[in-house]
Structures are given as structure tokens and as C-alpha cells.
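Below: one structure, written as C-alpha cells.
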Amino acid sequence: MITAQQLTKRYGDKVAVDGITFSARPGQVTGFLGPNGAGKSTTMRMIVGLDRPNAGSVTVNGKPFAEHRAPLREVGSLLDAKAVHTGRTAFDHLRAMAATHNIPVARVHQVIEMTGLESVAKKRVGGFSLGMGQRLGIASALLGDPATVILDEPVNGLDPEGVLWVRRLMRSLAAEGRTVFLSSHLMSEMAQTADHIVVLGRGRIIADAPVSEVLAGGAATRVRVRTPQTGELIGLLAGSTVQISQVEADVLEFTGIDSPTIAEAALANRILLHELTPLTASLEEAYMALTNDSVEYRTEAAR
């Protein structure tokens, strides 16, 4: 379990993390989201003791990271897949890590097999592709069979098969009762992997809730309608609180009105409907709505 209380980090005059309080609980995948510059990486570094907070505290499995006698057995982390001696082979890298915690070589072979590294285990890491480097980083995080796993952008560089593998792995780790803390910019993956999300914006928490609640509150209700009488339906329902967009010649998308109201109005005015589908907001839409005022680096097209 990860517990942060009023966690704060400053770099000179810049407040990178501003008094955040949150928990990542066992048995679920907690997604950690936010725009670039929001403070995610700084927070993850503080969790594993690489940065010292200016105020507040953070514990993993009940203790600060530095107080664990065998941290690899408590917390496995992937923060930078490139933080590996490039002259070593994957096997030697993992074996060296294992030696620091008296982890048997059999476990090294096990995580190599788990992460699909058998064919490159005896090759130097400097020649690895981005995807293979990510797999080695995940193998390193799992080496101590930890209760808590922290991964920053673990699917970066992976092919579709690899992305699916990571998703299933995260779900299986959570199902075993472990704490999984996962950062990613791929909203589609986070929607399928996370149970709960914490969203940072400019160093502060702007959402801390189950994914279902974020989806329910993050965007306006939309309804897709297919009808051969689009003009009549637009004339009937258009108003200051209702937005209508024409997706296809016979398809409309409504915002600001629910499907029963559309159905009742169409029936009363003898308008034929071929489709009436409430549309669930995607996590990406909900995320964009939450972080719209918290983006530090905004492109010209997004303004």
C-alpha cells in the first residue's frame, strides 16, 4: 500500500508537488495521470526515496522506503528503463540485483521467462530495442516478488502484443492482492487496466476516484440518433441548452439532452428513429475535461 500525506516538493521557487494526499490500495490498479509538468515523476521518485520531500510524508507498506531492510521484496519500481549498465547482459543485470537481496538465481530465470526475455537474456542491454528495455525494467520491478509495484509508462515502446501482456500482468498482480501504481499517457489502456485513478494538475490532486465515477462526471451526456428525418428532429430539439452535430447524412449526435426525452419528442411528432444510443464518455474525454485548466505546456492548436 502507498500512503501520501500532505506530500510537498519544491525546486527553488517552483512547487512541483503541492501538499497532496492519496492512497494506492492493495488488490487494485491505481492509475496516476496528469499533463507533462504536473508532478507525477517527482511524486513517484519521492515514493521510492530518490527525492526527499520538503514537507509531508509517503510510506510504502507502512514504512518510508528507506526504512525497509529488503526494499526489493517490498517495492518493485520501473521509473527509467534506461537506468541500466549498457555493457551488462539482461541476465547479469538481474543477477546483480538479486545478489543484493539474497534472491535465488531461479527467480532471475523466472522473471526472464515471465517478461519474454529468454531470447535476449545473454545479450548486452546497450543493444536492446525500446520495447525490450521496458520488458527488462518490468522484470527488475518483479524480481523481489514485491507486495507493491510502481511502473512509470510501462507500455512505452511495446508492440500491441506487449501492451496486452502488460495489461493482463497488471490485472493479475492486483488480483493476487498486490498494490499496483501505474502511470501512463495512454488513456485507452488506463481505461481498461485501472480500477481507481489519481489525477494531478500543477502539483495538486484534481481527481481521486474510481474510474467509473470519473467517467460519469467528466463529460456531458451524449446521444447518437439515426433517423431519415434529421432536419425535422433538429428543428424540434435545437435550443440554448442542446448542442446537435451532424455526424453522417442520417446520424445526429446530441449533447445536453437524454435519450428518453429525444424518444418521447420523436414519438409525439411522428419522427422515425432507426437508432437511439446513449454514448459513454471515454476516459480521454473525462481526463481532458479535468485537466483543461492544468496544462502547463499547451500547443498552439490546443488553445
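What follows draws every value from the coordinates through simple rules; no lab data is involved. These figures come from a predicted structure and were not determined experimentally. All Cβ positions, even for glycine, are placed from backbone atoms using ideal geometry, and neighbour counts span all protein chains on display.
Observations
- Semi-axis lengths, largest first, of the ellipsoid equivalent to segment 66-188 are 20, 19, 13 Å, with √(5λ) applied to each eigenvalue of the Cα gyration tensor.
- Helix axis angle, 160-175 relative to the chain longest principal axis, alpha carbon, degrees: 80 degrees
- In a DSSP loop and with at most 14 other Cβ atoms within 10 Å, there are no GluC sites (Glu not before Pro) in segment 217-269.
- Taking THR277, THR30, THR115 and counting other C-beta atoms within 10 Å, the order from fewest to most: THR277, THR30, THR115
- Unit charges at the beta carbon, dipole of segment 2-210: most positive-side option, VAL198, MET44, ALA83: ALA83
- Once both labels are positioned 7 Å from their Cα atoms along Cα-to-Cβ, the gap between LYS14 and ASP92 label points is 3.7 nm.
- Residue order, fewest to most surrounding Cβ atoms within 10 angstrom, among ILE150, ILE103: ILE103, ILE150
- In sequence order, segment 69-86 has phi-based couplings of 5, 10, x, 5, 7, 9, 9, x, 9, 10, 10, 8, 5, 8, 7, 9, 5, 5 Hz under the Karplus curve 6.51 cos²θ - 1.76 cosθ + 1.60, θ = phi - 60°, and Gly or Pro positions carry x.
- The three principal axes of the C-alpha atoms in the chain carry coordinate ranges of 77, 46, 38 Å, sorted with the longest axis first.
- 3J(HN,Hα) couplings calculated from phi for segment 191-197 with the Karplus curve 6.51 cos²θ - 1.76 cosθ + 1.60 (θ = phi - 60°) are, in sequence order, 5, 8, 10, 7, 8, 9, 10 Hz; Gly and Pro show x.
- Scattering profile of segment 222-280 at q = 0.22, 0.28 Å⁻¹ [log10 I(q)/I(0), Debye over alpha-carbon scatterers]: -0.77, -1.36
- Tilt relative to the chain, helix 90-99 - C-alpha long axis, 0 to 90 degrees, to 10: 70 degrees
- Rounded to the nearest 20, the size of the Cβ-charge dipole of the chain about its Cα centre is 1360 debye, with Lys and Arg at +1 and Asp and Glu at -1.
- Approximating the spin labels as points 7 Å out from Cα along Cα→Cβ, the THR221-to-ARG204 distance works out to 3.1 nm.
- Per-residue Cβ neighbour counts within 10 Å put MET46, MET1, MET190 in the sequence MET1, MET190, MET46, beginning with the fewest.
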